Amino acid sequence: MAAMYLATPPTGGSLESLQPRGLNSRTVSLWRTWKRLSRCQRSICYMIITVLAVIVLYSYMMRDEAMRIPDLTQYDPKAPEMPLSAVLDDDTRQKKALNKVERVHNAIQVPVDEKQNMAQEAVDDYHGDDDDNEGVDAPEENGNDSNQAGEDKDDDDPHNGQQAKSLKFEGPQNERQKAVVEAFQHAWKGYRTYAWGHDHLRPISKSAQNWFGLGLTIVDSLDTMWIMNLQSEFREARDWVESTLDFGVNKDVNFFETTIRVLGGLLGAFHLSGDAMFVDKAKDLGDRLMGAFSSPTGIPYSDVNLRSSRGHVPQWSSDSSTSEVSTIQLEFRDLSRCTGINTYEDAAENVSKKIHDLPKTEGLVPIFINANTGKFRAQSTITLGARGDSYYEYLLKQWIQTGKTQEYLKQDYVTSIQGMNHRLAKRTVPNNLLYFGEILSGGRSFKPKMDELTCFLPGTLALGVHNGLSKDHLVIAEELAYTCYLTFARQPTHLAAEITYFNSDSASQMDFYVKSNDAHYLLRPETIEGLYYLYYFTGNTTYQDWGWKIFQGIEKYTKVRNGYTTIGNVKNAVDIRPKDMMESYFLGETLKYLYLLFADRHEIDLDRWVFNTEAHPLPIRSY
Ligand code: DMJ
């Protein structure tokens, strides 16, 4: 009404007499109309303008709130239930928000100010009281926050006589968790029916695949079943380990894979169930694996024969992978703690110390190392993906596992994050997405490529922030997690390719693309793992929703009658090319992290436990 009125052409009067200097004729017309209004009419106009201004201001504030990136000065690592402000629930808002994020990203290029680091008391023995735990996120006494209050002996358990202490889990608490447990049971049923005792299920051909012949799926699944409270499944698997799993076989196995899946799986099962049989098995395996360290430098060979305990280089190379030799320390240290025999920890820690002494590129490591010379292979690639990834993960996690007592691990980790930001972090065109590429040929060229494996990094960064490292790392974590999520969400299958290339060409409208040879999804967990840590530490339920969408993709495109299968093509929903393979880490990691992500409360207290790279929980102890 006001607009109509004001638009009415002014009549009569001298234009010159009313016209303030410098105004055009339209403005003058409005001005003359305004002067002719009664006091009452003007008051109504003032009211309307005020109401409109309030509405505009309010909607602007709401929009800004939705797009706001985390205000890290407000971040309190001791308040994991406090929701962070990064409620970014759709692509459009996130894209806009990313422009703001760039400002923060520039800030992370500067060296981390160690003065910002928050010292935190080392956590006590994982089964101890909370008496000495001031300063960490102690679980609430009523047990709402984590399961630590459920730690108990189970009188109904037939294996009770062998148990020291066990952790109790209640089973699924909501519909999403129930759906994940159903997925696990579906996968388990197929494996149990067609591949029992073998490494992997081939769900389409209803057959089995053997890699090492160690029943990988059983051992990798033990602690997942314990956490999901699948008691009868756990008991059957546990009895198979006791009665049938035999490590005295004339078999060459990959040292790293056997350590993280089997040794880690046995130790995780022991810590949750308290069943000492698992330690006996772990010790038998650990003794056999020790032969891998028998190189002139102590850097482990990539392969080891289980019967002879003889380590050797792989057939395809004279070198070991850097991530492999540096991702066995959590397990060997824990084995020493469980057995009281220091030899395991000493051998593994020696590797970390040797790598610490080697020259690096701003804390970043080449992906190959020679066990005989102890040197990195010159000119080899630097990547946060395959063969590089968990070197960085275990720097942080070892520091945490040892109660933050080994300073060099933290220093190497912090330096490497700075190096990543400086040398590997890039942004896409057109939407400014953060990703971490690769350095080739000793630093002479950059490749805008990122493996899905690299998506472990958001979880590791968030864990580091919770343990007192720079809060800037959380900004990187949240941004990279979003990019990782988009590599799933932007595919028609809602599943990510193994490898994604990122765009810097302003002529292209695609932030990233996938080559046909890289379009497979191997049921991998890394992105979900990152969402779990971010949800755990920020309380932002958007991460749960993202995980749920990925789970829908898994259900729709990888589920088959007798299990779940890796697929060859995420780029075409009607041509997914199933590969007839269900990896053990799908049950050990992917479904476990989904289950933990959807939990109403923290099932595992991350101030007391550290997950190995295969998602097997090991206790934190300050020695
Ligand atoms: C797992 O075996 C481990 O997470 C490892 O560190 C990397 N690859 C797989 C899962 O993708």
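The values are calculated or read from the model by the stated rules, or taken from the named source; none is laboratory data. Computed from a predicted model, the values in this text were never measured in an experiment. Positions of Cβ are generated from backbone atoms using ideal geometry, with glycine treated the same way; all protein chains shown enter the neighbour counts. In case anyone asks, the SASA skips ligands and DNA or RNA and just uses the protein heavy atoms, side chains included. Shrake-Rupley method; radii C 1.70, N 1.55, O 1.52, S 1.80 Å.
Worth a mention:
- Potential lengthening between residue 173 and residue 317 on full extension [0.36 nm per residue; Cα-Cα distance subtracted]: 47.0 nm
- Cα extents for segment 553-623 along the principal axes, largest to smallest and rounded to whole angstrom: 52, 26, 23.
- Percent accessible area from carbon and sulfur atoms, segment 290-439, protein chains only, probe 1.4 Å: 48
- Between the beta carbons of residue 251 and residue 373, assuming R0 = 30 Å, the FRET efficiency works out to 0.60 to the nearest 0.05.
- When all protein chains stay in place and ligands, DNA and RNA are ignored, the 1.4 Å accessible-area order of 46, 533, largest first, is 46, 533.
- A 1.4 Å probe run over segment 280-336, with the rest of the protein chains in place, finds 31 Å² accessible per residue.
- C-alpha center-to-center spacing [segment 439-460, segment 366-399] in angstrom: 12
- Ligands, DNA and RNA left out, the 1.4 Å accessible surface of segment 583-623 is 43% carbon and sulfur atoms.
- Extension gain, residue 575 back to residue 51 (0.36 nm per residue minus Cα-Cα distance, nm): 183.1 nm
- Ligands, DNA and RNA excluded, the heavy atoms of residue 279 present near 20 Å² of accessible surface to a 1.4 Å solvent probe.
- Förster-model FRET efficiency, 41 Å R0, residue 441 and residue 353, C-beta, rounded to 0.05: 0.90
- For residue 609, nonlocal amide neighbours, meaning residues 5 or more places apart or on other chains whose placed amide H falls under 5 Å from its own, are 620.
- Chain lengthening between residue 206 and residue 561 when straightened (0.36 nm per residue, less Cα-Cα): 126.8 nm
- Annotation for segment 202-280: chymotrypsin sites (Phe, Trp or Tyr not before Pro) lying in DSSP loop with at most 12 further Cβ atoms inside 10 Å of their Cβ do not exist.
- Extent along principal axes [Cα atoms of segment 468-623; Å; largest to smallest]: 50, 45, 28
- Lysines whose Cα lies under 30 Å from that of residue 579, excluding same-chain neighbours fewer than 8 positions away: 178, 189, 206, 251, 447, 449, 515, 549, 556, 559, 571, 592
- In nm, spacing of pseudo-spin labels at residue 405 and residue 284 (7 Å Cα→C-beta vector): 3.1
- Carbon and sulfur %, accessible surface of segment 219-278 computed with the full protein complex present, 1.4 Å: 43
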